[in-house]
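Input: a single structure, listed below in structure tokens.
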Amino acid sequence: MKTTYPVLLLAAAMSLLLACNDDDTATNPVLPVQAQTVTNLPADPTTPSSTTGQPPLSTGKYTLFNLRDNKTVANTDSASTKWDIGFRGTSIIVNGGPIRSGQGGAYVHTGTFDELTTLPTSATFAQDQSPSSLAIPAVSGAGWYNYNSSTNLVTPIPGRVLVIRTGDNKYAKVEILSYYENAPAAPTSANRSRFYTFRYLYQPDGSMKLN
Amino acid sequence: MLSILLLLAIEQVPDPVVDTSRTQQLDPVVVTATRTERQVGSLPMPVTLIGQRQIRQSGSLRLNDILREQTGLAIVNDHGQGLQVQGFGPDYTLILVDGEPLVGRTAGTLELSRLTVGNIRQIEVVKGPSSSLYGSEALAGVVNIITANPAEGMRGSLSGRYGANQTSDLTTDVSLRSGKTGLYLFGNRYQSGGYDLSPETPGTTVSPFLNYTASGRLTTSFGPRLKLGISGRFFTEQQDNSLATVDQRLVSGTGRVRDYSINPVLTQQLTDTWKLTYRYYHTGYSTTTKLAYQDTQAPYDDSYFRQNFDRVEIVTERTFRNRHYLTLGAGYIGEGVEATRYPGRQQFSTRYGLAQFEWQPSTRLTFIAGGRFDAHSQYASQFSPKLSARYELNQTLAIRASAGVGFKAPDFRQLYLNFDNAVAGYSVFGTQEVGAGIARLQQQGQIAEILIDPGRFGAIRAESSVAVNLGAVLDLRKAYDIPVRISANLFRNDIRDLIETQVVARKTNGQNVFSYTNLSRVYTQGIELDGSYRIELGGSQLTVSSGYQLLEAKDKAVVSSIRNGDVFRRNPETLLTERVNLSDYGGLLNRSRHMANVKLFYELTKSGVSASLRGIYRSRYGLADRNGNLILDEASEYIQGYTTWHLTAAKTIKKITLQVGVDNLTGYTDPSFIPTLAGRLWYASLRWDWATTKSKSN
């Protein structure tokens with residue numbers, strides 16, 4: 001048969017390729033990246049001022065966070081690529097767009113954190129265009145949370161994963177777990193808000209593989 | 001419990017109706033289903049009839065007391081106690097008094113406790129859409145309250161009742177008839193001290209209130225072919241409110257509700273087979289609320305709401321060959337509303353025409369075809385057809401089917417509301433106001449971001465549904481002389497363009513601006529079973545009846561999202577996300593999958609003794625989302641199911657009847673979630689019936 005030879009050749013080439021891959025992993029082991037959980041990250045919490053009856057006070061500043069190092073970055077470094085995401089109230093910002101210094105971006109993926117193992121190459125990342133037009137919409141129901149006007153509670157929407165491109169072109173996935181201090185199972189309006197608990201996975205090798 | 005009820009429902013069934021032993025072979029007559037007088041058993045659509053006798057034996061005082069005991073009906077609490085029929089909320093059932101609509105809904109709910117049952121002759125409940133006869137709101141069904149007519153001679157009654165929670169009721173009526181003219185007058189005073197299910201918190205669960213109802217009817221005839229009836233009604237209520245705000249400050253003050261109506265009806269019998277009815281109806285409804293903080297006396301709520309409704313209608317009925325009936329009608333409705341939360345005075349008008357033909361090709365087969373066209377000043381015209389048929393296989397078994405379209409017009413609130421919640425900071429605008437409202441907020445610098453072009457909200461459509469009801473009635477009375485009657489009805493309603501709140505813009509204070517838009521498509525479907533069995537033992541009779549409804553009411557968009565695997569929930573303990581399965585979805589909030597009742601009415605005619613025991617069961621129903629996905633899918637999001645038992649016993653000596661009773665025998669309460677369910681309530685009443693001429697008294 002005329003086709004036999006090319007098929008055999010292809011098979012040989014494939015096995016060679018796979019063997020090479022095996023060699024690569026054997027000689028160059030890549031540690032699987034681990035998901036990490038951040039608890040009680042303050043996002044400009046308010047200071048209660050029940051005595052005056054005035055609206056509670058806050059600083060208006062974003063809490064900036066570096067995903068690679070799993071630590072906060074001083075707000076004075078906001079015009080740098082030292083940070084990847086920032087939190088203030090229900091607004092989450094990324095380090096990319098006309099109003100930022102980095103090359104980052106983000107989009108909201110519908111699905112579970114664990115099932116999102118590889119980003120599609122077709123993924124398009126939005127950027128922070130202006131304070132009122134963020135990559136992750138700060139609108140109830142449209143971004144990462146729902147706001148209930150009768151209970152006055154902010155609830156992270158289950159099945160929403162924030163896919164982040166960092167300021168230096170690495171990828172990460174983030175799932176917000178709670179907006180309240182100590183992540184109570186059933187928050188009430190008595191719980192202090194603007195405290196993020198989230199888990200995330202950061203891929204340091206620049207690939208779109210997120211597990 | 002449920003299985004016992006089911007067994008009862010299937011094995012034995014009666015119709016727990018009005019009629020006494022004297023008239024038990026006669027099927028009672030209803031008017032609501034076809035707008036003509038028809039025997040309830042001969043109709044091709046599901047109709048429930050509640051007679052005066054059942055109302056009295058049940059010790060009911062207000063309309064909600066008696067409706068909650070009927071199969072397939074639930075009383076739900078949302079800005080008042082309203083009626084849920086076939087899984088539809090209170091907005092979708094039209095409430096009529098003598099064929100004329102009651103107005104005055106709060107957030108869609110018509111408070112049923114506004115109506116005393118003292119002057120009611122019978123209540124007719126038609127399930128399934130009846131917009132083909134009644135227009136807007138008759139989407140889930142129609143409840144028609146038929147009030148008493150002047151009786152022969154002169155008679156009257158006086159009754160008083162006192163019970164727990166300092167609840168008292170005084171009712172009197174008098175009926176006169178002389179020659180061609182009759183007069184019926186009725187008065188009622190109802191007062192309650194309210195109750196507090198959670199004394200540890202400030203404010204009361206239900207505040208004390210007092211209300212009065214007066215109604216009357218004058219009937220007369222001008223010659224043998226022309227009859228005039230004039231009915232009127234007046235209701236006023238005052239409630240002394242006391243409640244706690246979110247920040248635990250005490251607020252108190254009064255709320256007043258008032259409604260009145262006048263309804264002349266002229267009936268002209270042109271020939272034996274041709275009748276004309278001219279109706280005019282005027283009604284008004286108003287509320288005023290004045291609440292102030294107790295500490296500072298600063299106003300908390302100072303608002304009013306005034307609504308009026310006028311209707312003229314001409315209906316002609318022709319009979320052909322004694323068994324085919326043609327009904328044609330036309331009318332005009334003018335409505336107006338003025339309120340604190342609406343800009344200026346808003347007015348609507350509707351012109352409509354209706355036609356219905358009832359065709360009986362044989363004595364065992366009936367077809368009814370009808371339709372109504374409503375042309376409205378504020379939204380697109382509606383055509384609502386309905387077709388129904390009934391076939392009697394034999395004396396024992398009849399099957400019936402009906403299909404129809406129902407609609408509900410956008411109400412004043414959805415069109416004209418203009419409301420800024422000063423406490424929470426959000427705003428709500430009706431579709432006609434949202435443009436101006438957003439512009440105003442923008443000028444004030446309150447808008448952070450517009451999410452949907454306000455111009456898109458103008459063209460709101462009426463909500464509409466297509467419904468099918470299929471049923472069978474098994475009646476062993478005629479053929480076998482066994483007093484058992486069983487009926488079953490399968491229903492399916494597909495509703496489109498449900499009007500819901502939609503976020504239009506985000507305010508700088510982080511709150512939203514809402515308006516209304518046509519959003520969801522939902523369906524409700526289920527089965528309803530009813531049965532009754534009458535046992536006669538010497539001079540006594542026991543009627544056992546039971547009913548059951550299985551209901552499923554779901555949002556179609558949610559169902560398809562779950563199918564696509566796009567709905568998730570967060571485990572409250574681990575905070576991890578999992579996918580929701582279709583079997584987890586509990587459907588729309590506030591709907592019980594199972595509802596059942598069992599009722600025993602006992603009567604020992606000779607000694608004037610009667611008693612009743614009624615049990616009403618509601619399975620768990622959804623309260624609110626708790627796990628972040630906005631749908632009902634987890635056990636903690638439900639209010640648990642419950643059964644209430646009600647007991648009465650009465651003894652009549654000559655013209656005096658003494659009745660004692662206990663509502664909610666087991667004292668079941670759920671203070672956090674069912675504030676309308678007071679605990680165990682006892683009462684005793686005394687009733688005196690008098691008549692100056694001998695006539696058939698009840």
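The values are calculated or read from the model by the stated rules, or taken from the named source; none is laboratory data. Keep in mind that this is a model prediction, so the values were computed, not measured. Neighbour counts are summed over all protein chains in view; Cβ atoms, including those assigned to glycine, are modelled from backbone coordinates with ideal geometry. Surface accessibility is based on the protein's heavy atoms, side chains included, excluding ligands, DNA and RNA. Shrake-Rupley method; radii C 1.70, N 1.55, O 1.52, S 1.80 Å.
For this structure, a couple of remarks:
- Extension gain, B:THR201 to B:TRP688: 0.36 nm times the residue separation minus the Cα-Cα distance gives 171.1 nm.
- Volume of the Cα convex hull of the protein assembly as shown, divided per residue and given in Å³: 220
- Backbone N within segment B:430-470 under 16 Å of label point (7 Å from B:ASN509 Cα along the Cβ vector): B:438, B:440-449
- Projected label distance in nm at B:LEU226 and B:ASP566, using a 7 Å step from Cα toward the beta-carbon: 6.6
- Euclidean distance between Cα centres, segment B:325-385 to segment A:172-187, Å: 52
- For segment B:29-691, a/c is less than 1.5, where a ≥ b ≥ c are the root eigenvalues of the C-alpha gyration tensor. That puts it in the rounded class.
- Charge tally around A:ALA185: other residues with Cβ under 11 Å, Lys/Arg +1 each, Asp/Glu -1 each, net +1.
- Surface analysis of the protein assembly as shown yields an accessible area of 45 Å² per residue, using protein heavy atoms and a 1.4 Å probe.
- Label positions at B:ARG680 and A:ALA123, each projected 7 Å from the Cα along the C-beta direction, are separated by 6.4 nm.
- Accessible area of the protein assembly as shown belonging to carbon and sulfur atoms, whole % at 1.4 Å probe: 56
- Computed over segment B:29-691: relative contact order in percent, which uses C-alpha pairs under 8 Å that are six or more apart: 10
- Extending 7 Å from Cα along the Cβ direction at B:PHE320 and again at B:THR605 yields two label points whose distance is 4.4 nm.
- Using heavy atoms of the protein chains and a probe of 1.4 Å, the accessible area assigned to B:MET154 is about 80 Å².
- Environment charge of B:GLU552, counting only residues whose C-beta is closer than 10 Å and scoring Lys/Arg +1, Asp/Glu -1: +4
- Cut-off 11 Å, label 7 Å out along Cα→Cβ of B:ILE452, residues of segment B:393-425 by amide N: none
- Set of segment A:132-150 residues, backbone N closer than 18 Å to the point 7 Å along the Cα-Cβ line of B:ALA107: A:147-150
- Solvent accessible area, Å² - A:TRP83, 1.4 Å probe, full protein context: 10
- With a Förster radius of 22 Å applied to the beta-carbon distance between B:GLN395 and B:ILE535, the computed FRET efficiency rounds to 0.50.
- When nucleic acids and ligands are ignored and a 1.4 Å probe is applied, A:ASP69 ends up with an accessible area of around 70 Å².
- Amide H contacts of B:GLY153 (H built 1.01 Å from N, in plane; Pro and chain starts excluded): B:ARG177 sit under 5 Å, all sequence-distant by 5 or more or on other chains.
- For segment A:33-203, the share of alpha carbon pairs falling in successive 5 Å distance bins from zero is 2, 9, 17, 22, 22, 15, 8, 4, 1, 0, 0 percent.
- Size descriptor, Kirkwood hydrodynamic radius, that averages inverse alpha-carbon separations across segment B:168-325, Å: 19.5
- Relative contact order %, segment A:55-163, counting alpha carbon pairs below 8 Å whose residues are six or more apart: 21
- Per-residue extension of 0.36 nm, minus the Cα-Cα distance of B:LEU387 and B:LYS556, leaves a gain of 58.3 nm for this segment.
- Cα gyration tensor of segment B:272-421 - equivalent ellipsoid semi-axes, whole Å, descending: 45, 19, 15
- Each Lys or Arg adds one and each Asp or Glu subtracts one; over the other residues with Cβ under 9 Å from the Cβ of A:GLY105, this totals 0.
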